[in-house]
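Written out below as C-alpha cells is the structure these notes cover.
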Amino acid sequence: MKMVTAIVKPFKLDEVREALGAVGVQGITVTEVKGFGRQKGHTELYRGAEYVVDFLPKVKLEIAVEEALLPRVLEAIEGAARTGRIGDGKVFVAPLDEVVRIRTGETGKNAL
C-alpha cells in the first residue's frame, strides 16, 4: 500500500477528484494549505499599492491506494492538475505500512 500526497492548485480540485474517481479511488482527504515552490510567491496590486504574496493557496490531497492502482492514480493526478505553468504542484508517494478501519477493525487492503 502507498500514501499519495498531492499538492495542486485549488481550481483544479474538482478535475482531479473526478479523474481519481474514474480510476477507482474511493476515498480522498483534502486540506486547504498555503506554500510556495520555485515561483517564490508573487506580487499583486491592490488599490494602487503593490504587495508581495509569499504563500500561495494550494490544496493538499491524501490518498491511500493499493500498489497495483498507483500508476493509474499518478497518471490521473498529473493529467488533471497540469496547466503547463509554474506552480502546478507536486505528488509525493510514501510507503504505507498499515491501515485500520476504526468502525470494523479491518486491516490492510480490506480497510481501504
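With the requirement that a residue be open to solvent by 100 Å² or more (accessible area, probe 1.4 Å) and modelled with pLDDT under 90, what does region 94-112 give you? K109, N110, listed by residue number.
Let's see how each residue does on (1) part of a strand (DSSP E or B); (2) under 26 Å from K12 (Cβ atoms):
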{"site": "A64", "(1), (2)": "yes, yes"}
{"site": "P71", "(1), (2)": "no, yes"}
{"site": "E75", "(1), (2)": "no, yes"}
{"site": "A80", "(1), (2)": "no, yes"}
{"site": "I102", "(1), (2)": "no, no"}
{"site": "K109", "(1), (2)": "no, no"}
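Could you go through region 73-86 and let me know if any residue there is at pLDDT 95 or above, buried (at least 16 other Cβ atoms within 10 Å of the Cβ), at negative phi and in contact with a Pro (Cβ under 9 Å, 6 or more places away or on another chain). The answer is no, given that none of the residues of region 73-86 is at pLDDT 95 or above, buried (at least 16 other Cβ atoms within 10 Å of the Cβ), at negative phi and in contact with a Pro (Cβ under 9 Å, 6 or more places away or on another chain). Across region 10-31, the qualifying residues are those that are in contact with a helix residue (DSSP H, G or I) (Cβ under 8 Å, 6 or more places away or on another chain) and among the acidic types (D, E), and the one among them that is farthest from G79 (Cα to Cα) is E18.
Among the candidates Q26, Q39, the residue that is under 22 Å from L112 (Cβ atoms), modelled with pLDDT under 90 and not aliphatic (A, V, I, L, M) is uniquely Q26.
The values are calculated or read from the model by the stated rules, or taken from the named source; none is laboratory data. Since this is a predicted model, take the numbers as computed values, not measurements. Using ideal geometry, Cβ is built from the backbone for each residue, glycine included, and neighbour counts are taken over all protein chains shown. Quick note on the areas: whole protein, heavy atoms, side chains included, nothing else; ligands and nucleic acids left out. Shrake-Rupley method; radii C 1.70, N 1.55, O 1.52, S 1.80 Å.
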